[in-house]
Amino acid sequence: MAEFARRRGHAYQVLTDHTQSLAIARGLTADRVEEERAIIADLNARFAQEEADGTAPPETPPEGFRLLHGCELEIRADGALDYPDDLLARFDLVVASVHVSRRQSRADLTRRTLNGIRSPHVDVIAHPSGRMIGTRDDLDLDWDVVYAEAARTGTVLEMNGSPHRLDLAVERARRAVEVGCLLSIDSDAHKTAEFDHLRWGISQARRAWVEPRHVLNTRSRADLLAWVAGKPERV
């Protein structure tokens, strides 16, 4: 998948496997995270060598391509984050999400989401409403509070391009931008055939009047990593 992204001219891609408590998605234990980190380091060393040798694909941008190490961090039913802070601090980027105990009260679901937003190690909230189109309703959140805290802390809200999600929805993305939130747009690809789902996320963003300046991953790799590094100072 990294090679596929590189040959499309991307400067970076973020790998965000699920974390340990989401067993249905084969979430990674801490030991497996370290194994994955080593694999990514080897890949990036190879990419750097090919760029230095002039053997990288011609589509590679001038800044080169790097695979960034992230995770999709489960926010547990009790609001705790699925990895300890010392492990989270070692990722390039951390995405957090709610998958379980979706029928909790509005207060509890909002508190869980805010625990992610207010963490100095969480950079993005994935599919914030949790919907699956036609099969799963939105989480019952206090959206005004979620938007306000995301804007205050600079925590990014995802626009997930999977046709099964399209989350944030257009109206919510528009409101998020109005109150000063930063967004990300992605494909939620689990295989190369799903990379084109990015276009659905972009379409949603256009309908919501989202501009490139509102989207974190329109920035260069260096600018993205600088933004992530500043999260602890914003919470």
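Model label points for Ala107 and Ala38, set 7 angstrom from Cα along the Cα-to-Cβ axis, are 4.8 nm apart. Using 0.36 nm per residue and subtracting the Cα-Cα separation, the extra length available between Asp86 and Arg174 on full extension is 28.2 nm.
With all pairs of separate Cα atoms included, segment 47-102 yields a Kirkwood hydrodynamic radius of 14.0 Å. Across the chain, Cα pairs under 8 Å and at least six residues apart give a relative contact order of 15 percent. Neighbours of Arg199 by Cβ distance under 12 Å: Lys/Arg scored +1, Asp/Glu scored -1, total -2.
In the chain, the longest principal axis of the Cα atoms and the axis of helix 106-117 are about 30 degrees apart. A Förster distance of 25 Å, applied to the separation of the beta-carbon atoms of Ile202 and Asp137, puts the FRET efficiency at 0.50.
Per-residue Cβ neighbour counts within 10 Å put Asp142, Asp53, Asp188 in the sequence Asp53, Asp142, Asp188, beginning with the fewest. Per-residue extension of 0.36 nm, minus the Cα-Cα distance of Thr192 and Asp31, leaves a gain of 55.3 nm for this segment. Label-to-label distance for Val145 and Arg8 is 3.7 nm, based on points extended 7 Å past Cα in the beta-carbon direction. Tally Lys and Arg at +1 and Asp and Glu at -1 over the other residues with C-beta under 12 Å from the C-beta of Pro57: what net charge comes out? Once positives and negatives cancel, what remains is -1.
Take the Kirkwood radius over Cα pairs of the chain, plug it into Stokes-Einstein at 10 °C and 1.306 mPa s, and you get 88 µm²/s for translational diffusion. In terms of the mean number of neighbouring beta-carbon atoms within 10 Å, the peptides 91-97, 225-231, 15-21 order highest first as 91-97, 15-21, 225-231. Only beta bridges with both residues in the chain are counted; by DSSP, about 10 percent of them are antiparallel.
Starting from one equal scatterer on each C-alpha and no solvent at all, send me the Debye-based log10 I(q)/I(0) for segment 140-235 at q = 0.23 Å⁻¹, two decimals. Debye intensities relative to I(0), on a log10 scale: -1.21. Between the alpha-carbon centres of segment 75-130 and segment 172-231 there is a gap of 19 Å. Each residue, Asp78 and Ile24, gets one label point 7 Å from its Cα in the Cβ direction; the gap between the two is 2.2 nm.
Suppose R0 equals 35 Å. What FRET efficiency, 1/(1 + (r/R0)^6) with r the Cβ-Cβ distance, do His164 and Asp223 give to the nearest 0.05? Plugging the Cβ-Cβ distance into 1/(1 + (r/R0)^6) gives 0.70. Residue-normalised convex hull volume from the C-alpha trace of segment 20-79: 109 Å³ per residue.
Relative to the Cα centre, the charge distribution of segment 70-234, modelled as +1 at Lys and Arg Cβ and -1 at Asp and Glu Cβ, gives a dipole magnitude of about 320 debye.
Taken together, the values in this text are just the output of simple stated rules run on the coordinates, not laboratory data. None of the values given here were measured: they were computed from a predicted structure. FYI the Cβ positions are ideal-geometry reconstructions off the backbone, even for glycines, and counts take in every protein chain you see.
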